Amino acid sequence: TIGFPIIAAALTREAARVGLDVPLPPIRFAGAYRKKVQALLDSPDRDWCASTVSFSLEALRDALHETDMVLEGNGSVSSSPSATAGYLLSVQNGTAAKSLEYLRAIQQADGSIPAVAPIDLFEIAWTINHLRLAGAIEPDTPGVRPLLDELWRVWSPAEGCGYSSYLSVADSDDTSMCFTVLRWSGYPVTPEIFEHYEGEDHFYCYHGETNPALSAHVRLLAALRSAEDHPWHTMWIDKIVNALHRFDENGSYWWDKWHSSPYYVSGVALHALLDVDDPLAHSRLKWILRTQNDDGGWGYLGESTAEETAYCLEALLHWTTHVETIDKTVLDAAALYLQKQLQDYRETPLWIGKSLYYPAGPVKAAVLGALYSYSSMFF
């Protein structure tokens, strides 16, 4: 859960106030979170919108001042419904109506509310990229250019972008993906943007983060494949690869902070590491091939899912095209699994936010893109 140390501490305090004995156990990164929160609260301008702490405002509502500016243009707090609800519980001013309007607008037909909304920039960029990799679209394919224009509209030359057009904090993961698809389609993005995220021995996903994001490193590595003319290209590649080796705990796959399945980051890695670190790429490849299920799919928790299978098939087809031929029976079995699931696959939430969630557009694009690549290769 994003911001768990903050939320756990707040819930424990609330429990104590109503007479419940709920001890707060030691929590990983709790000290780093306390430092980050205190720095914001002690700051003279208390710029909530520029801090990732605002995403967990529901746990900090007692610290909120009536004059604090926390709302994005759509009335949300960092595109987080729960943080927005926390804001509404804390203030009594004229901005409440817009925040209530935001919550009503994102409420689903069954009454539920998503953990984060909107995630429009993330959905656009990831969807386009899956279809781009498959060769299923070009920048001027009908319907694609307006989406690219939207990414370009919110692009910051200094920081890139975040996952939502109603989020003031940018990150290297979404910036790398948007850079990739914008550069592919001819927009004048430049790799200098990544200087903003460079640390001493790795790259940040968010400034002030408590632990690094593996997928953000691999995504940045993939983005740099289209920036080979940059003078720092080699240095950045080396820094990323060295970080990936340091984070490689088992020699087969990585865990990631944004996705519960190692197949997600491993699939991206087969693209990104090609001709950069072949031994590291081969270790991910061997693990993917070794763990295919009997039904042709992949699923880290045992049961295959369409999403994880799409990532693996997409990566294996790319490997077959650019490196060496993968056993066709492996590819056939994966494609058959996806074809069987295409009309009615279970929407398994694997992405990590305040809860596990399911981004339908990017996942569907991954599935359709993998099947398109397979059909283009063999039929």
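The values are calculated or read from the model by the stated rules, or taken from the named source; none is laboratory data. Everything numeric here is computed off the predicted structure, so don't read it as measured data. All Cβ positions, even for glycine, are placed from backbone atoms using ideal geometry, and neighbour counts span all protein chains on display.
Numbers at a glance
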| item | result |
| --- | --- |
| Among (1) buried (at least 21 other Cβ atoms within 10 Å of the Cβ); (2) assigned to a loop (DSSP other than H, G, I, E, B), the one test that Phe122 misses | (2) |
| Close pairs (9 angstrom Cβ cut-off, 6 or more residues apart or separate chains): under 21 Å from Ile2 (Cβ atoms) and among the acidic types (Asp, Glu) in the stretch 337-355, modelled with pLDDT of 95 or more and surrounded by 16 or more Cβ atoms within 10 Å (Cβ to Cβ) anywhere | Glu347/Ala306; Glu347/Glu307; Glu347/Val363 |
| Counted residues, the stretch 255-295 - those being touching a strand residue (DSSP E or B) at 6+ places or on another chain (Cβ under 9 Å) and outside any loop (DSSP other than H, G, I, E, B) | 5 |
| Matching residues, the stretch 326-344, being outside any helix (DSSP H, G or I) and either at pLDDT 95 or above or not hydrophobic (A, V, I, L, M, F, W, C) (or both) | Ile326, Asp327, Gln343, Asp344 |
| Count of residues meeting criterion [buried (at least 24 other Cβ atoms within 10 Å of the Cβ) and small (Gly, Ala, Ser)] in the stretch 60-96 | 5 |
| Breaking point among (1) more than 19 Å from the chain's Cα centre (by Cα); (2) in the same structural domain as Asp173 (by TED's automatic domain parsing); (3) among the hydroxyl-bearing types (Ser, Thr, Tyr), for Tyr102 | (2) |
| Residue match in the stretch 289-304 (condition: aliphatic (A, V, I, L, M) and farther than 21 Å from Glu249 by Cα) | no |
| Pick from the stretch 345-379, criterion of a type in the set (S, T, N, Q) and surrounded by 14 or more Cβ atoms within 10 Å (Cβ to Cβ), ranking: modelled with the highest pLDDT | Ser373 |
| Test: residue in the stretch 187-207 that is more than 13 Å from Asp173 (Cα to Cα) and modelled with pLDDT under 95 | no |
| Candidate set from the stretch 75-119 (those that are assigned to a loop (DSSP other than H, G, I, E, B) and hydrophobic (A, V, I, L, M, F, W, C)); member that is nearest to Ala360 (Cα to Cα) | Ile119 |
| Residue that is farthest from the chain's Cα centre (by Cα) [pool: residues in the stretch 21-37 that are closer than 22 Å to Lys354 by Cβ and at pLDDT 75 or above] | Val22 |
| The stretch 289-313, residues that are of a type in the set (Gly, Ala, Ser) and in contact (Cβ under 8 Å) with a residue 40 or more places away in the chain | Gly296, Gly297, Ala306, Ala310 |
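Here's the yes/no breakdown for (1) surrounded by fewer than 23 Cβ atoms within 10 Å (Cβ to Cβ); (2) among the aliphatic types (A, V, I, L, M); (3) under 17 Å from Lys257 (Cα atoms):
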{"position": "Ser176", "(1), (2), (3)": "no, no, yes"}
{"position": "Trp184", "(1), (2), (3)": "yes, no, no"}
{"position": "Glu209", "(1), (2), (3)": "yes, no, yes"}
{"position": "His230", "(1), (2), (3)": "yes, no, no"}
{"position": "Val241", "(1), (2), (3)": "yes, yes, no"}
